[in-house]
Structures are given as C-alpha cells and as structure tokens.
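I have placed the structure first, in the form of structure tokens, so that the comments after it can refer back to it.
The values are calculated or read from the model by the stated rules, or taken from the named source; none is laboratory data. Computed from a prediction, not measured in an experiment: that's the story for all the values here. In this analysis, Cβ positions are derived from the backbone assuming ideal geometry, glycine residues included, and neighbour counts consider all displayed protein chains.
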Amino acid sequence: MSQRTFSIIKPDAVRKGYTGAILAEIEKAGFKIVAIKKASISKAQAQGFYHVHAERPFFGGLTDFMSSGPIFPMVLEKDNAIADLRKLMGATNPANAEEGTIRKQFAASIEENAIHGSDAEDTAAFEIGYFFAGLELI
Ligand code: IDP
C-alpha cells in the first residue's frame, strides 16, 4: 500500500552539490516527490525537529550542523516508503553503509551523512507536519 515518508537532503550534501544526484537516486528507486522546498532552519528549529535525541551526546553538534546551511526537506511516496527509504539511505555511519546506498556514495561521516529519513509512521507524520502544511502536499 502506498505510504508517505519524510526526508531531508542535509547541509553537507547541498554544500557539495549532490542535491540533484541524490534526487535522481530517490526517483530511480520509485519514489514520487509529493513536496520539496529549499529551507534554512535555526538551531532552535533543528532542536525541535530532533527533540527525541535531546539527551544524546551528539545533540549539540547535530543541531549546529543541521542549521549550518540550506537543506531540502521533502515528502516522498511509494509502497513501503518508510522502510525502503531507510534501505536506500544506508547505515547512519557511511563507513558501515552498503555499496550503492546514498550514504555510501555521498556521506562523509556519521554526523554529516547527507540524508535524513523517517524511521516509523508516527515520526513521519510529525516530521511532515514540522516542515509542510497540508496544502503543500500535492
Ligand atoms: P538515522 O539518521 O540513521 O536515523 P539516528 O540515530 O536517528 O540516525 O540519528 C540522527 C542523526 O544524528 C544521524 O543521521 C546523524 O546525523 C546524527 N548522529 C547519530 N549518531 C551520531 C553519533 O554517534 N555522532 C554524531 N552524530 C550522530
């Protein structure tokens, strides 16, 4: 059944000029782009987005990084979208990511790892609503 997930092309990948190549991988894998925009978020907005990680030691670095430059938040749709995007992204640490995954190809480190993807239905719903209004979801 068709499902929606939420993704972000992170600041490292945008800075390096990988946006188009990453979108091509996403479309090649069968995802429809329901919504996409360029955005810049503040540290406080990054903290709100990653609130589940507030107690983790990397929270400060992660929220500095996510507010360090433009990003491309997007809503993607396909059968089994949440699990399939996680597979296409590869492991959080690109050193452990499988060949052909987005993080293997485009990520430099465990923190600056090119792409975000929701990990469950409830987080996808929260994350879509954090960046997009219903009228933007076409
Ligand atoms: P995920 O993005 O693969 O779902 P999460 O564990 O949800 O990974 O972590 C969210 C983000 O936090 C990661 O994508 C990465 O940018 C950052 N992160 C996770 N673990 C570490 C770490 O050990 N050091 C630095 N940054 C980390």
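Search the stretch 50-100 for residues being among the basic types (Lys, Arg) and more than 13 Å from the chain's Cα centre (by Cα), and hand back the single one that is nearest to Ile9 (Cα to Cα).
Among those residues, the one meeting the criterion is Lys78.
Taking helices (runs of 4 or more DSSP H) that do not extend beyond the stretch 15-68, which have at least 3 residues that are β-branched (Val, Ile, Thr)?
Result: 19-28.
Please enumerate the residues belonging to the stretch 53-90 that are acidic (Asp, Glu) and either within 21 Å of Asp122 (Cα to Cα) or touching a strand residue (DSSP E or B) at 6+ places or on another chain (Cβ under 6 Å) (or both).
Glu55, Glu77, Asp79, Asp84
Among the listed residues Thr101, Thr92, which satisfies the condition of being modelled with pLDDT of 95 or more, among the hydroxyl-bearing types (Ser, Thr, Tyr) and within 8 Å of the ligand (Cβ to nearest atom)?
Sole residue among the options that is modelled with pLDDT of 95 or more, among the hydroxyl-bearing types (Ser, Thr, Tyr) and within 8 Å of the ligand (Cβ to nearest atom): Thr92.
Testing Ala108 on (1) over 12 Å from the mean Cα position of the chain (by Cα); (2) more than 15 Å from the ligand (Cβ to nearest atom), one condition comes back false. Which one is that?
Every listed condition holds for Ala108 apart from (2).
Got a number for residues in the stretch 78-103 being of a type outside the set (Val, Ile, Thr) and part of a helix (DSSP H, G or I)?
Total satisfying the criteria: 12.
So Arg4 passes all but one of these: (1) within 18 Å of Ser118 (Cα to Cα); (2) of a type outside the set (S, T, N, Q); (3) not in a strand (DSSP E or B). Which condition number does it fail?
That leaves (3) as the condition not met.
I'd like the residue in the stretch 31-43 that is within 22 Å of Glu136 (Cβ to Cβ) and out of contact with any Leu (no Cβ under 9 Å at 6 or more places or on another chain) and, out of all such residues, is nearest to the ligand (Cβ to nearest atom).
Going through the qualifying residues, I end up with Ile41.
If I go through the stretch 58-85 residue by residue, how many of them are surrounded by fewer than 17 Cβ atoms within 10 Å (Cβ to Cβ) and within 13 Å of the ligand (Cβ to nearest atom)?
So the count comes out to 6.
Output the qualifying pairs, or none if there are none: Cβ atoms under 6 angstrom, residues six or more apart or on different chains, first residue in the stretch 15-40 and on the phi < 0 side of the Ramachandran plot, second residue of a type in the set (Val, Ile, Thr) and crowded, with 18+ Cβ neighbours inside 10 Å.
Hits for this filter: Thr19/Ile9; Ile22/Ile9; Ile22/Ile102; Glu25/Ile102; Val34/Val75; Ala35/Val75; Ala39/Ile71.
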